[in-house]
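These notes are about the structure you will find just below.
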Amino acid sequence: MTTVTYSVPAMHCDHCTHTIEMEVGEMQGVQAVRADLTTKKVHITFDVPASEQGIKTLLAEINYPAEGLITL
Ligand SMILES: [Cu+2]
């Protein structure tokens with residue numbers, strides 16, 4: 001299991017966080033998604049078949065591109 005945190009500057013309201021949590025949460029292999037509006041960061045815990053690349057591609061597709069990976 002892997003947890004990543006992405007910076008997503010395009011998120012600006014509760015609707016954005018809801019969309020991100022729903023869309024990413026529907027990906028196969030994604031265990032948990034939390035979008036934090038205050039910090040504009042998204043925390044994602046996943047396992048195969050989900051991948052970092054797949055998650056970034058999805059975020060770009062729904063117009064919330066990940067600007068950076070923050071490793072903890
Ligand atoms: Cu919004």
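Worth a mention:
- Principal semi-axes in Å for the chain [√(5λ), Cα gyration tensor, largest first]: 17, 13, 11
- The stretch 55-69-the stretch 8-34 distance, computed between alpha-carbon centres (Å): 10
- Sparse-neighbour loop sites [trypsin sites (Lys or Arg not before Pro); the stretch 19-49; at most 11 other C-beta within 10 Å; DSSP]: none
- Loop-located GluC sites (Glu not before Pro) in the chain, at most 16 other Cβ atoms within 10 Å (DSSP): Glu26, Glu67
- In a fully extended conformation the segment linking Gln28 and Met1 would gain 8.4 nm over its present Cα-Cα distance, using 0.36 nm per residue.
Throughout, read-outs are computed from the coordinates displayed, never taken from laboratory work. Just so it is clear, the model here is predicted, and its values are computed rather than measured. Methodologically, a virtual Cβ is constructed for each residue, glycine included, from the backbone with ideal geometry; neighbour enumeration extends over all protein chains shown.
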